[in-house]
Every structure is written in C-alpha cells, then in structure tokens.
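Chemist: Please find one structure pasted underneath; my questions will follow.
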Amino acid sequence: MEDDINNILHRRQTDEGVLRLTMNDQKNRNALSEAMMNNLIEELTIATSKRSIRVVIIASNGSVFSAGHDLKEITAARDQKDFGEAYFKSLFDTCSSLMQLIVSCSKPVIAEVGGTATAAGCQLVASCDLATAADSARFATPGVNIGLFCSTPMVALSRNVNKKNAMEMLLTGDMINAKKAKEIGLINSYFQPEELTKETMVLANKIASKSPAIVSMGKGAFYAQSELDTHAAYEYTSRVMVKNILNKEAKEGIGAFIEKRSPKWE
C-alpha cells in the first residue's frame, strides 16, 4: 500500500519488509526542503523501531533524484532581519540530522538513484549504506560554481570516495556519470533505467531475508569501527563477535547450516 505524506513523499511497504520512500516534489526537482527532510527524518525514525521493516529504500520520481537545497528558498530567506542566519542554521542542522540518522538507523538504507543527484542530493546518496543508479544518472557537488562550497556534502562524500576523487568533485563542481560513480565508490551498481527498481528490490529483498537483529548489529559495528584505529577496531569488533555468537540468531543460523536447512529468523 502506498501513502502520500504531505504530497511530496510517498511510502510503500512490501510483505518482505522493504519500505520504499519515494520523493515526489518534481516541480522543485525533489529539493531537500525542510518539509522533505523532516518527512524523511520521521519515516526513518519510525523504521528504526518498527520490527516489520527490514530495509529502507530512498527513491524519487522524475528525472532528478534530488537537486539538493532549494536555492529559491535560500534566496528568499535573505530578506529576513537577520539576513536568513537563523533559517540557514536550522536548514543545515536538519540536513545534518537527516544524514546522521541514515547512518545510525538500525535498518540498511539504499539510495535508488533514477536521475541527477547534486549537492545535498549527492550527499544523500553518499550517506546511504548502499546505492544503485540508472546508467543515465549523474552526480555532482557543484556548490563551488555558485560561491557556496559543498562543505556538508563533503562529509559523506569524503567517507565514501577516496580523497583525490572527492576533492576533484568538490573543487571543479563537474558532473560525473554512473560509470565513474561506481569506479570511485559512490554507488554500488548501475542498470538500465527500466531495470533499476527491479534490481534494487532484488538487493533489498536479499538483505531483508537475513536476520534483522544481526544485520542491525553488523551495521552499527561497521560504522563504529570505521572511526577507530586498527587496534581499537579489533578490540571493539571482538566484543561484538562475542555478543553476536551468544545471540540465539547465531545459534539458529549455525545449526541450520550444519543441518543443511534454511534458518528461521525471529
């Protein structure tokens, strides 16, 4: 069943536990307005605690996945008494909260990029755990071209792409294609546009078939260890492994493997 959320975000949950969130503000190129970001934050917060949801996909309608922040809204805010300072702080704080929520969400989050993703839209792609794209998709952090360096998109970009490729995107603002995006690690795979949703659902359903508790544990450990030095990372993940192996899901999974049957996850 698909629901409209303030007419700019559609939601649909499958029987397999995949929640599809589809941005649908095409007249504004699916901009990450405060309304769009708050809707995404609300849905991701619910997904974190809802047991029936196992994987989240963030997709879009139209030729633009997301153009980032709405420059018309930003320009209008300059007419306020403080020249928009309070609005800009709220805008970027909300954006940062959204990107961090994607990382901290207990469920894997996949970006399904059917069109152009620029600035904060590219940041959204980089923030997701996985990303698929149409072979016609394009990506850029073009803020430098208009005097607004993509500093917050840089956080997610630099954690997914090696330094020189990230700096090239940030310093030139040039658009890259899906092939290049895969080469530098911004996306996992790209497909013909008509195959994109089907292939993304294959990936999502594969993940949804695993133990939700163990996937959640593993995702959290992945991001936690990535911020540690090697010694601390091994100490931390060793503790996670002990916790994991004592979990009844591991007992069930190992038993099923030995007995040559499919595991029955809770």
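The values are calculated or read from the model by the stated rules, or taken from the named source; none is laboratory data. Computed from a predicted model, the values in this text were never measured in an experiment. Cβ coordinates were reconstructed from backbone atoms using ideal geometry, including for glycine residues, and neighbour counts include every protein chain displayed.
Chemist: Since A120 meets every condition but one in (1) surrounded by fewer than 17 Cβ atoms within 10 Å (Cβ to Cβ); (2) in contact with a His (Cβ under 9 Å, 6 or more places away or on another chain), which condition does it not meet?
Modeler: (1)
Chemist: How many of the residues in the range 67-97 are under 16 Å from I41 (Cβ atoms) and either without any contact (Cβ under 8 Å) to a residue 12 or more places away in the chain or surrounded by fewer than 20 Cβ atoms within 10 Å (Cβ to Cβ) (or both)?
Modeler: 6
Chemist: Given the structure, is E252 farther than 16 Å from C128 by Cβ, touching an Asp or Glu at 6+ places or on another chain (Cβ under 9 Å), at pLDDT below 95 and surrounded by 15 or more Cβ atoms within 10 Å (Cβ to Cβ)?
Modeler: On the way: farther than 16 Å from C128 by Cβ: yes; touching an Asp or Glu at 6+ places or on another chain (Cβ under 9 Å): yes; at pLDDT below 95: yes; surrounded by 15 or more Cβ atoms within 10 Å (Cβ to Cβ): yes.
Yes; evaluated as a whole, the condition is true for this residue.
Chemist: Among T172, T152, T200, which is of a type in the set (V, I, T) and surrounded by fewer than 15 Cβ atoms within 10 Å (Cβ to Cβ)? If you could, list the steps in order and put the result at the bottom.
Modeler: Values: T152 fails: surrounded by fewer than 15 Cβ atoms within 10 Å (Cβ to Cβ); T200 fails: surrounded by fewer than 15 Cβ atoms within 10 Å (Cβ to Cβ).
Result of the check over T172, T152, T200: T172.
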